[in-house]
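Taking it in order: structure first as structure tokens, then the write-up.
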Amino acid sequence: MASLLKSSMIFLAVLAVILPARAQLDPNYYDYICPQALPTVRRIVEQSVANEPRLGASLLRLHFHDCFVNGCDGSILLDDTSNLVGEKTAPPNRSLRGFEVVDRIKEAVDSACKDYVVSCADILAVAARDSVVALGGRSYEVLLGRRDSRTASLNDVRNSLPPPSSNRADLEEKFRAQGLSTKDLVVLSGAHTIGQAACRSFRDRIYNDSDIDAGFASSLRERCPSSGNDDNLAPLDPTANRFDVAYYSELSHRKGLLHSDQQLFQGDDSESDNLVKHYSTNLGSFWDDFGVSMIRMGNIRPRTGDSGEIRRRCGAVN
């Protein structure tokens, strides 16, 4: 009996190390403290995406950029002050959009809940999921109960987020640092099946890369000259307003818009190559795995319990 008890204690200790975030976050967190919270987020996301489909990709990207820098804590939303130089103004984040939608959601949920109980970090996680659904993807469970950070770091953005110039090894290293696998990398990169990128993000690829379809590169040079017009946009895949698997199909034909995207498919029979080929013809499998990987990403070092706060305004600490 003593040995059995000891073994059970060891197992529970190991489980606590492996799944600390999941043990603290709960998909039903708001069911009792504010049942209207999630329907309110969904309503505003659906309205916003219906008016401007690109906002779906923008809201999804906000959650990714938040989680990869010191965890999913809403720090991406903090405005700079005389005492804080945060993440918003870091070069990788200057093209982020959707902040006004998050502010509108925050105001609406606080009104619906008649209290400040919904964190900005949770709003980002739920809005990302609802954006996927609004653009035709499958819903997935979101674990909730995050609290908001009181700090942010511009320098940590530079060290944590992979730039569009990243090669495969760099991408895998950045994801491993967050506890995410190569499969998570390929699946979460599938978020690029929606949205657009600016010329400055893909110029080097269309003029200098060799692993690119010649006709594809030529067509992009018309909207992205070798200099100037940095803000001209191109879709990340041909169906940029629909959450499908066209992104993976494009990679298999060497038509990835970003250098980092095409790195996932190099024709070398690697794990990432095989995953790209699999998802390019298996929409249901992609949707299933995307939900799993999003939950894993959403569990990156959340603040819970007494850590952090519930901000009254997403752009500033209380």
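The values are calculated or read from the model by the stated rules, or taken from the named source; none is laboratory data. Keep in mind it's a predicted model, so treat the numbers as computed, not measured. Ideal geometry is used to build each Cβ from the backbone, glycine not excepted, and the neighbour counts take in all protein chains shown. The area values use the complete protein model at the heavy-atom level, side chains included, leaving out ligands, DNA and RNA. Shrake-Rupley method; radii C 1.70, N 1.55, O 1.52, S 1.80 Å.
Do you know which residues across the range 45-98 are open to solvent by less than 50 Å² (accessible area, probe 1.4 Å), small (Gly, Ala, Ser) and under 22 Å from Gln196 (Cα atoms)? Correct list: Ser48, Gly56, Ala57, Ser58, Ala90, Gly98.
Where residues in the range 258-294 are among the acidic types (Asp, Glu) and open to solvent by less than 10 Å² (accessible area, probe 1.4 Å), which of them is farthest from Ile194 (Cα to Cα)? Walk me through it before giving the result.
First pass over the range 258-294, keeping only residues among the acidic types (Asp, Glu): 261, 268-269, 271, 273, 288-289.
The next check asks that each one be open to solvent by less than 10 Å² (accessible area, probe 1.4 Å); those that pass are 261, 273.
Working: Asp261: 13, Asp273: 21 Å.
Here the residue is Asp273.
Annotation: of all residues in the range 32-58 being touching a helix residue (DSSP H, G or I) at 6+ places or on another chain (Cβ under 6 Å) and outside any helix (DSSP H, G or I), the one that is nearest to Ala191 (Cα to Cα) is Gln36. Of all positions in the range 219-229, none carries a residue that is of a type in the set (Gly, Ala, Ser) and either buried (at least 16 other Cβ atoms within 10 Å of the Cβ) or not assigned by the TED database to the domain that holds Gln178 (or both). Among (1) closer than 29 Å to Ser48 by Cα; (2) in a loop (DSSP other than H, G, I, E, B); (3) within 23 Å of the chain's Cα centre (by Cα), where does Cys224 come up short? Condition (3) is where Cys224 drops out.
Could you check how many residues of the range 229-255 are under 23 Å from Asp288 (Cβ atoms) and assigned to a loop (DSSP other than H, G, I, E, B)? It would help to see each step written out before you state the result.
Keep residues of the range 229-255 that are under 23 Å from Asp288 (Cβ atoms), which gives 236-237, 239-252.
Restricting the remaining residues to those that are assigned to a loop (DSSP other than H, G, I, E, B) gives 236-237, 239-240, 242-245.
Count: 8.
Condition check ((1) in contact with a helix residue (DSSP H, G or I) (Cβ under 6 Å, 6 or more places away or on another chain); (2) among the basic types (Lys, Arg); (3) farther than 22 Å from Gly190 by Cα; (4) modelled with pLDDT of 95 or more) across all residues:
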position	(1), (2), (3), (4)
Val17	no, no, yes, no
Asp26	no, no, yes, yes
His63	yes, no, no, yes
Asp103	no, no, yes, yes
Ser111	no, no, yes, yes
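Taken over the range 180-208, residues that are over 25 Å from Phe286 (Cβ atoms) and either acidic (Asp, Glu) or open to solvent by 60 Å² or more (accessible area, probe 1.4 Å) (or both) amount to 4. Just one residue in the set Arg138, Arg147, Arg168 is surrounded by fewer than 18 Cβ atoms within 10 Å (Cβ to Cβ) and of a type in the set (Lys, Arg); that residue is Arg138.
Search the range 99-124 for residues being among the charged types (D, E, K, R) and under 27 Å from Gln24 (Cα atoms), and hand back the single one that is most open to solvent (accessible area, probe 1.4 Å). Before the answer, list the steps.
Applying the first criterion (among the charged types (D, E, K, R)) to the range 99-124 yields 100, 103-104, 106-107, 110, 114-115, 122.
Narrowing further to those that are under 27 Å from Gln24 (Cα atoms): 103, 106-107, 110, 114-115, 122.
On the way: Asp103: 78, Lys106: 7, Glu107: 137, Asp110: 20, Lys114: 173, Asp115: 83, Asp122: 2 Å².
That would be Lys114.
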